[in-house]
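> To start, I am sharing the structure in question, which I have written as structure tokens.
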Amino acid sequence: MTQPASSPHIVIAGASGYIGMALIPRLLERFPGGAVTAIARRDLASSDARVVWRACDLFSLKSLEEALPERVDLAFYLVHSMGPTAHLDQGDFADYDLILADNFARALRGRGVRQVIYLGGLIPECGRLSRHLQSRLEVEKTLADFALPLTVFRAGLILGEAGSSSRILLKLVQRLPFMLCPQWTQTLNTPVDLPRVLDALTDAALREEAVGRVYDLAGCPPLTYVDMMRETAAVLGKKRSFWPVPFFTPTLSRLWVSLITRSPKSLVYPLIESLEHPMVAREDHGYPGVQRAARYRDLLAGVTGQEPAEAPRPRFRAISRTVRSVQRLPLPAGRDAQWVMEQYLAWLPRFLAPLIRVRCVGTTVHFSMLAEVPVLLKLEVSESRSHRDRVLLYIVGGLLARTSEAGRLEFRTTSDRRHVLAAIHDFRPALPWYIYTISQARLHVAVMRAFSRHLARQAE
């Protein structure tokens, strides 16, 4: 039986973010009989019986599958991975985002989903995109590749009290009486305020005419970042001077913006990279239910003159130091993750001969040095959760690993079948942490780069 639109089962991935937290009450108002499953990295509680919070590791497909209800009518994807995910991260945020989106799309299959709504970034109409915007577009394409009933909203800088981009802008205005403004501050962009974003997301929910559409969100006519700072200072009653200069490179800009605002580099760098190109909402792609304001300062109704609060940063306890390492490998035409895994197990002992030996016994893989014993790492292939496009091996023992049920290695074919992601998740090294970071960790990255070159030669 089809779930009635008035009482849908709703899932929000990234629900603990400032957009997700603000979206939940809007959806409950729109669908009074609805039920919301809020997915986040940590346990939270709700006073509303219609909202169930589920702690979930989005890097784990199994964890996500267990967190989702059996039936999903409407799903929101509000996830990004620009913050730390482990004590040691060896990988690009774009590869992390690709795994997360791939997991979400896989987990939704067979649950009767009627609409997935994704909030991404404005895409400049130019040939070259920043790494951040390339990643946002790749996530969008990944969700589409799984043939999900997808609605995409693209937004530039979202103005909201708890938004990372808003905090950076406000801190610059608050802390600098004068500012040297490099070229990136003088490119056009289209900001939008949080209420208009929420209006669009809520209004489009379970509207059949919105499925398959891409909308650009705009809060006001386009203006430059320096004009935004000038207008913000005027609204706050701050006298500020802004001097355009031609000599600040994006690299220098990232460093001083991070220093002045005390914001993580993982947030500052993508913002500035994105602003190197005009981010202007397309007039013919606006969402019909949301109207622009006449002026930028009309979007600043919720801005106060107080210093914005620092956002909490994830912390990891020293007693459970973990490693995440993700490498994107080229995939020769006609091959899959299973083939790449087999290539890796055959190539590694040749590349590191005579130091490393690899022995496969049934579904168990032993990595050892010189002789068959002692075993350095012992991995077990999960037959129930592996297939040609995704091979999962749990790290179950060996001298170099602490016992952990979560530690695992996977090889995963991307949805466009151009790459395989080789990923280690939740690995707990047995070596002392400092020794591990200067030895085993660096060796792993070097080996995977060499293996990537090997695969590239295979593809020629």
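> Right, Arg111: more than 15 Å from the chain's Cα centre (by Cα) and either charged (D, E, K, R) or surrounded by fewer than 18 Cβ atoms within 10 Å (Cβ to Cβ) (or both) or not? So that I can check it myself, show each step before the final result.
Details: more than 15 Å from the chain's Cα centre (by Cα): yes; either charged (D, E, K, R) or surrounded by fewer than 18 Cβ atoms within 10 Å (Cβ to Cβ) (or both): yes.
Judged against the criteria, Arg111 is a match.
Conditions (1) over 22 Å from the mean Cα position of the chain (by Cα); (2) part of a strand (DSSP E or B); (3) modelled with pLDDT under 95, marked per residue:
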position	(1), (2), (3)
Glu380	yes, yes, no
Leu392	no, yes, no
Thr403	yes, no, yes
Phe411	no, yes, no
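> Gly83 passes all but one of (1) surrounded by fewer than 22 Cβ atoms within 10 Å (Cβ to Cβ); (2) in a helix (DSSP H, G or I); which number fails?
(2)
> Could you say which residue among Ile168, Ile158 is over 30 Å from Ile10 (Cβ atoms), within 22 Å of the chain's Cα centre (by Cα), crowded, with 18+ Cβ neighbours inside 10 Å and among the hydrophobic types (A, V, I, L, M, F, W, C)? Break it down into steps so the answer makes sense when it comes.
Values: Ile158 fails: over 30 Å from Ile10 (Cβ atoms).
Sole residue among the options that is over 30 Å from Ile10 (Cβ atoms), within 22 Å of the chain's Cα centre (by Cα), crowded, with 18+ Cβ neighbours inside 10 Å and among the hydrophobic types (A, V, I, L, M, F, W, C): Ile168.
> Would you pick out the residues in the range 413-443 that are assigned to a strand (DSSP E or B), within 17 Å of Leu376 (Cα to Cα) and of a type in the set (A, V, I, L, M)? Reasoning before the result, please.
Step one: list which residues in the range 413-443 are assigned to a strand (DSSP E or B), which gives 413, 419-427, 429.
Still in the running and within 17 Å of Leu376 (Cα to Cα): 424, 427, 429.
The one that is assigned to a strand (DSSP E or B), within 17 Å of Leu376 (Cα to Cα) and of a type in the set (A, V, I, L, M): Ile424.
> Also, I was wondering about something else. Run Lys238 past the list (1) in contact with an Asp or Glu (Cβ under 8 Å, 6 or more places away or on another chain); (2) surrounded by fewer than 20 Cβ atoms within 10 Å (Cβ to Cβ) and report the number of the one that doesn't hold.
Status for Lys238: all satisfied but (1).
> Is at least one residue of the range 85-99 at pLDDT 95 or above and more than 25 Å from Arg428 (Cα to Cα)?
No, the range 85-99 has no match at all.
Table: residues versus (1) under 16 Å from Ser6 (Cβ atoms); (2) more than 25 Å from the chain's Cα centre (by Cα); (3) among the acidic types (Asp, Glu); (4) in a helix (DSSP H, G or I).
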position: Glu29; (1), (2), (3), (4): yes, yes, yes, yes
position: Pro32; (1), (2), (3), (4): yes, yes, no, no
position: Ile39; (1), (2), (3), (4): no, no, no, no
position: Leu44; (1), (2), (3), (4): no, no, no, no
position: Ser47; (1), (2), (3), (4): no, yes, no, no
position: Arg54; (1), (2), (3), (4): no, no, no, no
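> Looking at (1) farther than 27 Å from Leu133 by Cβ; (2) in a loop (DSSP other than H, G, I, E, B); (3) not hydrophobic (A, V, I, L, M, F, W, C), can you tell me which one Lys62 breaks?
Of (1) farther than 27 Å from Leu133 by Cβ; (2) in a loop (DSSP other than H, G, I, E, B); (3) not hydrophobic (A, V, I, L, M, F, W, C), only one is false for Lys62: (2).
> Does Tyr96 meet the test of being assigned to a strand (DSSP E or B), surrounded by 18 or more Cβ atoms within 10 Å (Cβ to Cβ) and not basic (Lys, Arg)? Lay out the reasoning, then the answer.
Values: assigned to a strand (DSSP E or B): no; surrounded by 18 or more Cβ atoms within 10 Å (Cβ to Cβ): yes; not basic (Lys, Arg): yes.
It is false that Tyr96 is assigned to a strand (DSSP E or B), surrounded by 18 or more Cβ atoms within 10 Å (Cβ to Cβ) and not basic (Lys, Arg).
Conditions tested, residue by residue: (1) among the aromatic types (Phe, Trp, Tyr); (2) in contact with a His (Cβ under 8 Å, 6 or more places away or on another chain); (3) within 30 Å of Ala75 (Cα to Cα); (4) in a loop (DSSP other than H, G, I, E, B).
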{"residue": "Arg196", "(1), (2), (3), (4)": "no, no, yes, no"}
{"residue": "Asp199", "(1), (2), (3), (4)": "no, no, yes, no"}
{"residue": "Asp203", "(1), (2), (3), (4)": "no, no, yes, no"}
{"residue": "Gly219", "(1), (2), (3), (4)": "no, no, yes, yes"}
{"residue": "Asp227", "(1), (2), (3), (4)": "no, no, no, no"}
{"residue": "Ile260", "(1), (2), (3), (4)": "no, no, no, no"}
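> Next question, about the same structure. Pull up the range 171-194, narrow it to residues that are buried (at least 20 other Cβ atoms within 10 Å of the Cβ) and among the hydroxyl-bearing types (Ser, Thr, Tyr), then point me to the one that is nearest to Leu299 (Cα to Cα).
For the range 171-194, the residue satisfying everything is Thr190.
> Can Ala401 be described as surrounded by 14 or more Cβ atoms within 10 Å (Cβ to Cβ) and farther than 19 Å from Ile356 by Cα? Don't jump to the end; show me each part of the working.
Details: surrounded by 14 or more Cβ atoms within 10 Å (Cβ to Cβ): yes; farther than 19 Å from Ile356 by Cα: no.
It is false that Ala401 is surrounded by 14 or more Cβ atoms within 10 Å (Cβ to Cβ) and farther than 19 Å from Ile356 by Cα.
> Checking the structure you have, find out if any residue of the range 131-141 is among the hydrophobic types (A, V, I, L, M, F, W, C) and out of contact with any Gly (no Cβ under 8 Å at 6 or more places or on another chain).
Within the range 131-141, not a single residue is among the hydrophobic types (A, V, I, L, M, F, W, C) and out of contact with any Gly (no Cβ under 8 Å at 6 or more places or on another chain).
> Also, quick follow-up: Could you check, for the range 269-290, whether at least one of its residues is touching a helix residue (DSSP H, G or I) at 6+ places or on another chain (Cβ under 8 Å), charged (D, E, K, R) and at pLDDT below 75?
no
> Considering only residues of the range 404-439 that are polar (S, T, N, Q) and crowded, with 18+ Cβ neighbours inside 10 Å, which is farthest from Ala459 (Cα to Cα)? Don't jump to the end; show me each part of the working.
Filtering the range 404-439 down to residues polar (S, T, N, Q) leaves 404, 413-415, 437, 439.
Applying the additional criterion that residues be crowded, with 18+ Cβ neighbours inside 10 Å yields 413-415.
Working: Thr413: 15, Thr414: 16, Ser415: 18 Å.
It comes out as Ser415.
> Do we have Ser263 as free of Cβ contacts under 8 Å to residues at least 40 places away in the same chain, within 13 Å of Leu169 (Cα to Cα) and crowded, with 18+ Cβ neighbours inside 10 Å here?
On the way: free of Cβ contacts under 8 Å to residues at least 40 places away in the same chain: no; within 13 Å of Leu169 (Cα to Cα): yes; crowded, with 18+ Cβ neighbours inside 10 Å: yes.
Against the criterion (free of Cβ contacts under 8 Å to residues at least 40 places away in the same chain, within 13 Å of Leu169 (Cα to Cα) and crowded, with 18+ Cβ neighbours inside 10 Å), Ser263 does not qualify.
The values are calculated or read from the model by the stated rules, or taken from the named source; none is laboratory data. Source: prediction; values computed, not measured. Note that we place each Cβ from the backbone using ideal geometry, even for glycine, and neighbour counts take in every protein chain shown.
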